[in-house]
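Here's the structure we're looking at; comments come further down.
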Amino acid sequence: MQGVCTAYVYWTGGAVGRLRVATRREPMGITSHDVAKLAGVSQPTVSRALRDDPRVSRATREKVRRAAEALNYVPSEAGRTLSTSATRRVGVIVTDLTNPFYPHVIAPLHDELSSLGYRMMLITERSDEAVAEEKLLDQSMDGVVLATATTDSRLPAQLDRRGMPYVFLNRDTGRSDDFASVVDNEGGGRLVARELAALGHRRVAGIFGSANTTTGRERELGFRLALAEAGVGLPESRVVRGAFEYETGYSALPALLDADEPPTAVFCGNDVVAIGVLNAALAAGVRVPEDLTVIGFDDLPMAAWEVFRLTTVRHDLRELSRQAARLLVRRIAKEVDPAGERLVLPTEFVPRATHARAR
């Protein structure tokens, strides 16, 4: 019997998951009606069982799966789309997979979507939103997760015009009608400022994220407000804004240290930037924390490594992703308030080995 070769692109999951392309031979002529006959159920029940519809009992779902496996049957995604007007696929747009932050949120996002009956299709585009939109439409997605949005992004408005449900993960646009799973960035910035003030630091610097990201803006705002409350200034000469990348921290520190009054403490927009600062300090012969306090944000697993032992701000990375997945599925099902919904995770200060009292 002749067969056709079907390709599947999917995220393997795990903290450092990767993309794989797999192929599988499908025998010609096997349909869901054949599976229904073997399982002793109706054809619609087969369709519902194979997409884990909760209306089908666990016993029936298992019986249908066994019948499908015996016949080597793979559901046709095209047929499923025609019959249900849904693909059970969600697109996830990430502009920079080289950033260690994203694998740690993509893996739990994949797992939660899978548990809800959706497959995750990862779309990586550096900046071309037109290409990203074209790919979303070509893949016939039910919804989209925007993981690296900026405040000036055009894609959300384009998706709105298309009627495509979407949610923001980690960053949003700052609008009141956003659907987003985010962190209390302002509160986290306040925690760091209060800690530094309590340790006696008065010459403080900030290496924040880009000005067109809500994470960068909000962390800087909270930090500035709490410093002001403590009577500590933050002049622009001690502020650097840039991408949430290692190079931002590594390249920014030398200029800060060359100032007439160098800072005794640096708050970094995220842990990746902070690790860049730590390496720059090591290269310059500056002792951390004796000469310079360095604090990050996010508490990535690598922040706790013995080589770094980075003092930082923690939030629940896995829950950030899980609640984004649940919010998107509710939005796809039209079970949300059209006025928007912003889910905000709390933060906590995590003291390790890169902070000390000012000298």
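The values are calculated or read from the model by the stated rules, or taken from the named source; none is laboratory data. Everything quoted here is computed from the prediction, not taken from an experiment. We place every Cβ from the backbone using ideal geometry, glycine too, and count neighbours over all the protein chains shown.
The residues of the range 187-215 include none that are surrounded by fewer than 20 Cβ atoms within 10 Å (Cβ to Cβ) and of a type in the set (Asp, Glu).
On the given criteria, is VAL273 touching an Asp or Glu at 6+ places or on another chain (Cβ under 9 Å) and in a helix (DSSP H, G or I)? In short, yes. Pairing residues of the range 227-240 that are β-branched (Val, Ile, Thr) with residues that are assigned to a loop (DSSP other than H, G, I, E, B) and surrounded by 12 or more Cβ atoms within 10 Å (Cβ to Cβ), at Cβ distances under 8 Å and at least 6 apart in sequence or on separate chains, gives VAL232/HIS201; VAL232/ARG202. Considering only residues of the range 83-131 that are in a helix (DSSP H, G or I) and within 24 Å of ARG154 (Cα to Cα), which is modelled with the lowest pLDDT? For the range 83-131, the residue satisfying everything is VAL131. Checking ARG352, ARG342, ARG318, ARG357 one by one, the residue that is in a helix (DSSP H, G or I) and either in contact (Cβ under 8 Å) with a residue 60 or more places away in the chain or under 30 Å from VAL288 (Cβ atoms) (or both) is ARG318 and no other.
Scanning the range 197-224 for residues that are within 22 Å of PHE244 (Cα to Cα) and among the hydrophobic types (A, V, I, L, M, F, W, C) yields VAL204, ALA205, ILE207, PHE208, ALA211, LEU221, PHE223. Among the residues of the range 302-315, the one identified as under 20 Å from the mean Cα position of the chain (by Cα) and in a loop (DSSP other than H, G, I, E, B) is HIS315. For first residues located in the range 38-57 and farther than 16 Å from ALA86 by Cβ and modelled with pLDDT under 85, partners that are aliphatic (A, V, I, L, M) and surrounded by 15 or more Cβ atoms within 10 Å (Cβ to Cβ) and lie 6+ apart or on another chain with Cβ distances below 8 Å form the pairs GLN43/ALA36. When you look at GLU220, is it within 29 Å of the chain's Cα centre (by Cα) and either part of a loop (DSSP other than H, G, I, E, B) or under 25 Å from VAL183 (Cβ atoms) (or both), yes or no? Yes. Just checking, does the range 286-301 include any residue being assigned to a helix (DSSP H, G or I) and either surrounded by fewer than 18 Cβ atoms within 10 Å (Cβ to Cβ) or not hydroxyl-bearing (Ser, Thr, Tyr) (or both)? For the range 286-301, residues assigned to a helix (DSSP H, G or I) and either surrounded by fewer than 18 Cβ atoms within 10 Å (Cβ to Cβ) or not hydroxyl-bearing (Ser, Thr, Tyr) (or both): present.
Touching a strand residue (DSSP E or B) at 6+ places or on another chain (Cβ under 6 Å), buried (at least 19 other Cβ atoms within 10 Å of the Cβ) and assigned to a helix (DSSP H, G or I), is that true of ALA325? In short, no.
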